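Shown next, in structure tokens, is the structure this report addresses.
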Amino acid sequence: MQGFACTLLLLVLLAPSAHAQLTVGSSDAPLLDLIEISLLGRDLVAFDANGGEVRERLHLGEQVRWIDSRGALGMVLTDQRVLAVGTGSSAWQESRYERGELAPHAAQLGDRVALVTTSRRALGFNADTGELLEYRLGPQEVFHAAEVGEQVGVVVTNRNALGLSPLRDTFQAQDLQVHEKLEGVDARSALATVRTSQRMLVFRAQTGAWSERRREINER
């Protein structure tokens with residue numbers, strides 16, 4: 001019995017802790033918070049876990065409406081523009097609102113990707129590349145849903161399903177058919193699903209690509 005107890009204690013000591021397994025390179029585990037954003041006077045300052053900082057000066061009269069950070073990225077919404085920053089960024093990325101464009105009230109943050117939609121555009125931020133991506137609505141196109149997981153994002157319009165992955169530098173579009181009705185959207189960890197009246201669409205962060213499966217009559 002004493003020998004068994006000693007063996008068990010040795011295994012416990014040698015086993016990696018849950019904290020140690022949450023590494024930046026893991027695609028399944030959420031990241032620890034690696035970045036923090038503060039508003040110091042008129043300066044937005046992003047501090048990273050390694051001691052670096054990136055500053056952005058607000059314009060005269062510019063008002064911050066929303067601010068948050070998670071994992072390797074952060075995003076700020078003002079009354080004039082969308083601002084995003086990642087742990088590897090050398091500068092803040094920005095997209096100014098266009099004339100007549102309705103500003104968003106909030107963004108959705110994952111650990112490595114973020115999404116925000118305006119009345120005209122979907123903006124996605126990729127923390128790994130530090131790029132702010134854009135998808136512009138076409139004529140008669142409207143947003144239906146947007147969801148973010150730790151490492152994947154999905155936006156659905158009446159015409160397209162758009163996937164966002166840390167591996168891609170653009171939205172990956174999947175066409176929706178004319179009579180295809182949206183039934184549900186879900187994004188968790190590295191996988192996003194879009195359920196329609198005719199198909200199940202799956203977007204994987206590891207591949208940055210869509211796959212689809214036709215729904216049988218008894219599944220509708």
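The values are calculated or read from the model by the stated rules, or taken from the named source; none is laboratory data. Note that the structure is a prediction, hence the values are computed from the model and not measured. FYI the Cβ positions are ideal-geometry reconstructions off the backbone, even for glycines, and counts take in every protein chain you see. Side chains included, ligands, DNA and RNA excluded: accessible areas come from the protein's heavy atoms. Shrake-Rupley method; radii C 1.70, N 1.55, O 1.52, S 1.80 Å.
Here are some notes:
- Pair list, Cβ under 9 Å, 6 or more apart: segment 90-114 residue farther than 25 Å from PRO166 by Cβ, other residue at pLDDT below 95 and not basic (Lys, Arg): TYR97/ALA103
- Residues (on the phi < 0 side of the Ramachandran plot and either open to solvent by less than 70 Å² (accessible area, probe 1.4 Å) or touching a Lys or Arg at 6+ places or on another chain (Cβ under 7 Å) (or both)) located in segment 45-66: VAL45, ALA46, ASP48, GLY52, VAL54, GLU56, ARG57, LEU58, HIS59, GLU62, VAL64, TRP66
- Of residues in segment 103-119 being among the aliphatic types (A, V, I, L, M) and at pLDDT 95 or above, the one farthest from ARG136 (Cα to Cα): LEU109
- The residue pairs whose first member lies in segment 173-192 and is in contact (Cβ under 8 Å) with a residue 24 or more places away in the chain, whose second member is in a loop (DSSP other than H, G, I, E, B) and open to solvent by 70 Å² or more (accessible area, probe 1.4 Å), and whose beta carbons are closer than 7 Å, counting only pairs six or more residues apart or on different chains, are SER189/ASP28; ALA190/ASP28; ALA190/GLN206.
- Residues that are within 29 Å of ARG70 (Cα to Cα) and at pLDDT 95 or above were ranked within segment 156-169; the one that is most open to solvent (accessible area, probe 1.4 Å) is ASN160.
- In segment 131-149, the residues that are acidic (Asp, Glu) never reach a residue that is open to solvent by less than 70 Å² (accessible area, probe 1.4 Å) and not in a strand (DSSP E or B) with C-beta atoms less than 6 angstrom apart, at least six apart or across chains.
- The residues in segment 180-220 that are farther than 19 Å from VAL142 by Cα, open to solvent by 30 Å² or more (accessible area, probe 1.4 Å) and in a loop (DSSP other than H, G, I, E, B) can be counted, and the count is 6.
- With respect to (1) touching a residue at least 40 places away in the same chain (Cβ under 8 Å); (2) under 18 Å from LEU73 (Cβ atoms); (3) surrounded by fewer than 21 Cβ atoms within 10 Å (Cβ to Cβ), the lone exception for GLY153 is condition (3).
- Residues within segment 46-71 that are farther than 17 Å from LEU132 by Cβ and either part of a strand (DSSP E or B) or under 18 Å from the mean Cα position of the chain (by Cα) (or both), tallied: 7
- Residues located in segment 44-63, provided they are among the aliphatic types (A, V, I, L, M) and in contact with a strand residue (DSSP E or B) (Cβ under 9 Å, 6 or more places away or on another chain): LEU44, VAL45, ALA46, ALA49, VAL54, LEU58
- Taken over segment 155-179, the criterion of being assigned to a loop (DSSP other than H, G, I, E, B) and under 14 Å from ALA145 (Cβ atoms) is satisfied by ASN158, ARG159, LEU176.
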